[in-house]
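A short write-up of the structure that comes next.
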Amino acid sequence: MSEQLREHNQSTVPCDHDRYKDLVSEFSIYLKARGYSEGTQLNYRSVLTHLVHWLSEEPGYRIIDGQIVRTFLQNHLPACHCPPPVFKELRTASAALNQLLLMQGQDRWHSPCFKSSAAVEETIRQFDDFQRDVCGLAEATLLRRRNCVRTFLSSLFGDGPIDPQKITPEVLLKFVTDKAASLKPSSVGSLSCALRSYLRFLQFKGESNTALITAVPRPPIWSLASLPPSLSKTDMGQFWAAFDNTLTITSVTTRWHAVWQTWGCVAMKWHP
């Protein structure tokens, strides 16, 4: 096995803590040298921790190569029941493990090319033309929306013809909800935006209506939920005074009622 490792420049992960620490340390140095932020480094190390935990279920040594990465991402993550905390977000996990493969002198892992029916591809082509020529969107945006809509249409119609009448609020809600289980809120937001854009395209063709667009759910993005900058110092003081750093777990619910009542008063002053 040692000859194989030298030949392919690959790492092995034995089921012991020392080797795990060495691998994480090497990966951390690699990421830091390439300018990744602390948050990204933390996420990528969490992915590696999850991978090592999964490998520890198998006896002996395992070579981390493209095949292992593929099995982990495509087979393990969707059905993962590893005890928390483990990192399960597919897009970040794929990016992290690609960096691990590159660190070991291997090629990136690429997901198999997704092929849809001729009917879906024709609709996607028309949707692309609409977004490019009518909406003036950039190619990167077109690519993201194209992939989201292709996945949606393929899951709904398979190899059959495209029937816009079968795109109902219930279908849209179920699709977004199912996808949200494995995506970050920002990614769910991009998915919802792509679907609404496709529905506007159908409306442009006279095959949909505006009511259907409103059926696509919008995920909350809490990072944008900041206080209005126009609040006065008095209003800000009134709001922050509702918080108590000495709160206990049993009193959190009661205190939150006070917070929301205070915020309601401030919001009414801000929006007369």
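The values are calculated or read from the model by the stated rules, or taken from the named source; none is laboratory data. This is a predicted model, so every value here is computed, not measured. Because the Cβ atoms are built from the backbone with ideal geometry, glycine has one as well, and the counts that use them run over all protein chains shown. Areas reflect the complete protein model, heavy atoms only, side chains present, ligands, DNA and RNA absent. Shrake-Rupley method; radii C 1.70, N 1.55, O 1.52, S 1.80 Å.
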Answer with yes or no whether residue 246 is at pLDDT 80 or above and out of contact with any Lys or Arg (no Cβ under 7 Å at 6 or more places or on another chain).
no
Using beta carbons and a limit of 7 Å, which pairs, at least six apart or on different chains, have the first residue in region 28-39 and in contact (Cβ under 8 Å) with a residue 24 or more places away in the chain and under 17 Å from residue 97 (Cβ atoms) and the second one surrounded by 10 or more Cβ atoms within 10 Å (Cβ to Cβ) and not polar (S, T, N, Q)?
30/103; 31/44
Could you list all residues from region 12-65 that are among the small types (Gly, Ala, Ser), at pLDDT 70 or above and open to solvent by 30 Å² or more (accessible area, probe 1.4 Å)?
25, 33, 35, 37, 39, 46, 56
Please work out which one of (1) crowded, with 17+ Cβ neighbours inside 10 Å; (2) modelled with pLDDT under 90 is the condition residue 186 fails and give its number.
(1)
Out of everything in region 207-235 that is closer than 19 Å to residue 177 by Cβ and not in a helix (DSSP H, G or I), what residue ends up being modelled with the lowest pLDDT?
221
Which residue out of 266, 176 is out of contact with any His (no Cβ under 6 Å at 6 or more places or on another chain), at pLDDT 80 or above and open to solvent by less than 40 Å² (accessible area, probe 1.4 Å)?
176
Residue count for region 129-146, restricted to those that are of a type outside the set (A, V, I, L, M) and modelled with pLDDT under 85
3
What do you reckon, is residue 2 within 21 Å of residue 94 (Cα to Cα) and modelled with pLDDT under 90?
no
Do we find that residue 132 is part of a helix (DSSP H, G or I), within 24 Å of the chain's Cα centre (by Cα) and charged (D, E, K, R) in this structure?
no
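Yes/no per residue for (1) among the aromatic types (Phe, Trp, Tyr); (2) in a helix (DSSP H, G or I); (3) touching a residue at least 24 places away in the same chain (Cβ under 8 Å):
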site	(1), (2), (3)
175	yes, yes, no
186	no, yes, yes
189	no, yes, yes
194	no, yes, yes
203	no, yes, no
Considering only residues that are closer than 15 Å to residue 195 by Cβ and of a type in the set (Gly, Ala, Ser), which ones fall in region 119-165?
154, 155
For region 89-111, which residues satisfy the criterion of being open to solvent by 90 Å² or more (accessible area, probe 1.4 Å) and assigned to a loop (DSSP other than H, G, I, E, B)?
107, 108, 110
Among the residues of region 135-162, the number that are assigned to a loop (DSSP other than H, G, I, E, B) and within 16 Å of residue 203 (Cβ to Cβ) is 2
